[in-house]
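First up is the structure itself, then whatever we jot down about it.
The values are calculated or read from the model by the stated rules, or taken from the named source; none is laboratory data. Just so we're clear, the structure is a prediction, and the values are computed from it rather than from any experiment. Cβ placement follows ideal geometry from the backbone for every residue including glycine, while neighbour counts extend to all protein chains displayed.
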Amino acid sequence: MNTEYNAQQIEAEAQKFWHKNKSFEVVEDDSKEKFYCLSMFPYPSGRLHMGHVRNYSIGDVISRYQKMQGKNVLQPIGWDAFGLPAENAALKNKVPPAKWTFENIDYMRKQLSELGFGYDWSRELATCHPEYYRWEQWLFVKLFEKGLVYKKNAVVNWDPVDQTVLANEQVIDGRGWRSDALIEKKEISQWFMRITDYADELLDGLDKLDGWPDAVKTMQKNWIGKSVGLEIDFKRGNSEALSVYTTRPDTLMGVTYLAIAAEHPLAIEAGKMNVAVQTFIDECKRMETTEAAMETMDKKGIDSGLKCTHPITGEEVAIWIANFVLMGYGTGAVMSVPAHDERDYEFAKKYNINIKQVISKDKNIDEGAITEKGILFNSGQFDGLDFNQAFDAIAKTLENKNLGSKKTNYRLRDWGVSRQRYWGCPIPIINCPSCGSVAVTEADLPVTLPTDVTFDGIGSPIKKMPEFYQTTCPKCGEAAERETDTFDTFFESSWYFTRYTCKDNAGSMLDERSDYWLANGGVDQYIGGIEHAILHLLYARFFNKLLRDEGLIKSDEPFKNLLTQGMVLKDGAKMSKSKGNTVDPQEMIQKYGADTVRLFILFAAPPTQDLEWSDSGLEGAHRFVNKVYRLVERFLNDKEHNPVGTLDDFNKEQKEIRLKTHQTLRKITDDMDRRHLFNTVIAALMELSNSLTKFTSTDATSMAVRQESLTILLKTLSPIAPHICHHLWQELGNTTAIINEPWPSIDEAALVQDEVQIIVQINGKLRAKLMLDAGMDKTDIEAQALANENVAKFTKDKNIVKVIVVPNKLVNIVVK
């Protein structure tokens, strides 16, 4: 055995062994319990960052541990390969997005392999491969036939320079994040999926996800946003009534104005009659509409000049156009009660609109809006009612007038899946002048995205390629045009976990193998960042239900257990290129080895908490790996001259080492399995290695004890630092590979202690530590405690009120 630890050589040899022996390739096996472990797949950006290393190290430890438990473990990997970053890189580097993407995949695959992650590479997929996306096109056609997808006009953020729709988050100070052009609000035709049809099931299903963090479930519940309220009509003479939805009908008598979105038909009507109104509408077209921006922006509005009638009092109510009302939410109109809503209060004060208090007359409205529920006053026939009484009474009154009714509403909106970008999956629809939207026939799938394109960043290349979009209608045979929008990239990531189970099936989207791997609640362990807590996870749950209802899978939910890992920070900030605080994993692997990097990233913090990067911490992890190497080297050197005996007839020192070893094993088994606290696992193994460093006896029994302890140390460390453990396992003379070894068993006999430490407290303060025979009865323990010299000093001339004895642990003496 080499005296020096050579990480690069050891890691290359271990990876070669795993590859040659296909150590992580699995097939369905009904004789074993399955375990499907999955980390959210990466975008092929070109280089791994420390967030990747942390995410995939967590998944790999869980997978390797479960394999040692005798389970049939699937851990696949793939690439979330479509998306706008590839287009930006294409512009910058003057290469087609496909070429850039596949080069990055090749490089990142090499990086993941060098970190020793135990993936079943035979199942690798990339979402930009036609073999993959043809099946989401096939599903879309099925959903189109069932009416679960539809096309309608929707207001979007339009970048007039890049000629594309931008997400709210890509609009910064009213300008395109890349072009810096003033963004326009534009109404264009978009494809939507009816996720709202599943709103109740998505909401109710959260209560069954016991393996998900409560914070994630709460975020999804809030996003779905189920509420019960009233839909109320405010009449407008002989014109169509203006409908609003409210969860606070108890404040109806305090309405002093209505607010509508700038895109509302009434606003557009008002703009035609008033230049100032039109100017304001044009200004609203350029504003940001992210939740954060809407929350903090200056609330602005203008009186439209239009009026409506209060449904109960008959009073005239002004209709204002306000920048805080969005057409995409509800009816695009809200009833404004400035006395009882902070936003409405701020707006009313700014524009001198009447404020009418109708709840809690004992509170002063001049100090701000009164938002809590209370007793109604100044509300005519509803005076004296509380919230629930007022809700029912007002609902009944409005229903009798045919001006309102109870309604369950959702914050959730149907999912707009159209993107006017190139690098994405083509939507399999043909637009015919006569037949309208017609699905591509199954025989003509996939609709393949051209990859040999000229990319100038102005609009999508396929919109300029007649050879792509010119076609014939499958129904009438006349000239038609292929849809040139592509899918939102969340589309690909919403079902990839199912395709891993049968990636090689060229004839169907999924097959019976998915039932094996997704049984008992879906993916057994899913790992990813908290930033995906809402959209990705919600869409994946939605897709799972679509696939189930199509008869493709049987499970109701995609992910049984969810672990959301914290961020990797440096100097208190998230690592990012813009901040200049990134650490290159490749550089760290070359300097210290993959095992050290993995060990540090798992040791520095519990998986769910943020991790502060520390160069000194990395050095400490490297020292521990070296210590383990030297422990085995020393044992092998001693073994050359000393026989290894049997595990029996132990002396005190040998018993203590065995006790420490099996206590450690008991602790880390729970931390590894149930709690996923890999940092405490590593800490416990460090303590054990310190004890083993001091145990240098070479008699036959001691050598057997050392061998047992090293065997347990290597096995339990192997999921975390697999390369060095593979190497040292072979050095110890084992003919098997440690990757195929079971998790070690606890020897209960080793946990039986001859002596135990007893803590002695007087009035709760520590006064002595006693080593006494294990199993000593309470009377003898009490006598030994009271006889202790230091205890006697603090009880002298005191009245001993009582003595509490907890066998094998504690004596607490209460004195006055």
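Look through the range 177-214, keep the residues that are of a type in the set (Gly, Ala, Ser) and outside any helix (DSSP H, G or I), and return whichever of them is surrounded by the most Cβ atoms within 10 Å (Cβ to Cβ). Looking at the filtered set, the residue picked out is 179.
Within the range 387-399, can one find any residue that is assigned to a loop (DSSP other than H, G, I, E, B), crowded, with 17+ Cβ neighbours inside 10 Å and touching a residue at least 12 places away in the same chain (Cβ under 8 Å)?
Going residue by residue through the range 387-399, those that are assigned to a loop (DSSP other than H, G, I, E, B) are none.
The answer is no, given that none of the residues of the range 387-399 is assigned to a loop (DSSP other than H, G, I, E, B), crowded, with 17+ Cβ neighbours inside 10 Å and touching a residue at least 12 places away in the same chain (Cβ under 8 Å).
Is one or more of the residues making up the range 309-319 at pLDDT 95 or above, touching an Asp or Glu at 6+ places or on another chain (Cβ under 9 Å) and under 20 Å from residue 277 (Cα atoms)? Scanning the range 309-319, I find at least one residue that is at pLDDT 95 or above, touching an Asp or Glu at 6+ places or on another chain (Cβ under 9 Å) and under 20 Å from residue 277 (Cα atoms), so the answer is yes. Looking across the range 691-748, the residues that are of a type in the set (A, V, I, L, M, F, W, C), surrounded by fewer than 21 Cβ atoms within 10 Å (Cβ to Cβ) and more than 40 Å from the chain's Cα centre (by Cα) come down to 695, 700, 703, 704, 732.
Every test in (1) under 24 Å from the mean Cα position of the chain (by Cα); (2) surrounded by 14 or more Cβ atoms within 10 Å (Cβ to Cβ) is passed by residue 174 save one, and that test is (1).
Condition check: closer than 27 Å to residue 564 by Cβ, touching a residue at least 24 places away in the same chain (Cβ under 8 Å) and in contact with a Pro (Cβ under 6 Å, 6 or more places away or on another chain). Does residue 500 satisfy that? The answer is yes for residue 500. Meeting the requirement of 2 or more residues that are charged (D, E, K, R), the helices (runs of 4 or more DSSP H) wholly within the range 426-542 are 512-517. From the list 698, 693, the one residue that fits, being β-branched (Val, Ile, Thr), over 28 Å from residue 592 (Cα atoms) and in contact with a helix residue (DSSP H, G or I) (Cβ under 9 Å, 6 or more places away or on another chain), is 698. A count restricted to the range 122-168 and to residues that are touching a helix residue (DSSP H, G or I) at 6+ places or on another chain (Cβ under 7 Å) and acidic (Asp, Glu) stands at 1.
Count, please, the residues in the range 179-208 that happen to be among the basic types (Lys, Arg) and under 27 Å from the mean Cα position of the chain (by Cα).
Applying the first criterion (among the basic types (Lys, Arg)) to the range 179-208 yields 185-186, 194, 208.
Then drop every residue that is not under 27 Å from the mean Cα position of the chain (by Cα), which leaves 194, 208.
Within the range 179-208, residues that are among the basic types (Lys, Arg) and under 27 Å from the mean Cα position of the chain (by Cα) number 2.
Among the residues making up the range 610-651, a single one is charged (D, E, K, R), touching an Asp or Glu at 6+ places or on another chain (Cβ under 9 Å) and not in a strand (DSSP E or B): 633.
One line per residue, one yes/no per condition, for (1) surrounded by fewer than 19 Cβ atoms within 10 Å (Cβ to Cβ); (2) out of contact with any strand residue (DSSP E or B) (no Cβ under 9 Å at 6 or more places or on another chain); (3) not in a helix (DSSP H, G or I):
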{"residue": "110", "(1), (2), (3)": "yes, yes, no"}
{"residue": "113", "(1), (2), (3)": "yes, yes, no"}
{"residue": "119", "(1), (2), (3)": "no, yes, yes"}
{"residue": "132", "(1), (2), (3)": "no, no, no"}
{"residue": "136", "(1), (2), (3)": "no, no, no"}
{"residue": "140", "(1), (2), (3)": "no, no, no"}
{"residue": "152", "(1), (2), (3)": "yes, no, yes"}
{"residue": "165", "(1), (2), (3)": "no, no, yes"}
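Residue-by-condition table, conditions (1) crowded, with 21+ Cβ neighbours inside 10 Å; (2) over 23 Å from residue 187 (Cβ atoms); (3) over 31 Å from the mean Cα position of the chain (by Cα):
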{"residue": "416", "(1), (2), (3)": "no, no, no"}
{"residue": "425", "(1), (2), (3)": "yes, yes, no"}
{"residue": "429", "(1), (2), (3)": "yes, no, yes"}
{"residue": "436", "(1), (2), (3)": "no, no, yes"}
{"residue": "444", "(1), (2), (3)": "no, yes, yes"}
{"residue": "450", "(1), (2), (3)": "no, yes, yes"}
{"residue": "454", "(1), (2), (3)": "no, yes, yes"}
{"residue": "457", "(1), (2), (3)": "no, yes, yes"}
{"residue": "461", "(1), (2), (3)": "yes, yes, yes"}
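Just to be sure, is residue 88 within 26 Å of the chain's Cα centre (by Cα) and of a type in the set (S, T, N, Q)?
Details: within 26 Å of the chain's Cα centre (by Cα): yes; of a type in the set (S, T, N, Q): yes.
It is true that residue 88 is within 26 Å of the chain's Cα centre (by Cα) and of a type in the set (S, T, N, Q).
Looking for something among the small types (Gly, Ala, Ser), free of Cβ contacts under 8 Å to residues at least 12 places away in the same chain and surrounded by 17 or more Cβ atoms within 10 Å (Cβ to Cβ) - is there at least one such residue anywhere in the range 267-282? Checking the range 267-282: at least one residue is among the small types (Gly, Ala, Ser), free of Cβ contacts under 8 Å to residues at least 12 places away in the same chain and surrounded by 17 or more Cβ atoms within 10 Å (Cβ to Cβ). Does at least one position in the range 529-540 carry a residue that is aromatic (Phe, Trp, Tyr), closer than 23 Å to residue 151 by Cα, buried (at least 21 other Cβ atoms within 10 Å of the Cβ) and under 15 Å from the mean Cα position of the chain (by Cα)? Among the residues of the range 529-540, at least one is aromatic (Phe, Trp, Tyr), closer than 23 Å to residue 151 by Cα, buried (at least 21 other Cβ atoms within 10 Å of the Cβ) and under 15 Å from the mean Cα position of the chain (by Cα), which makes the answer yes.
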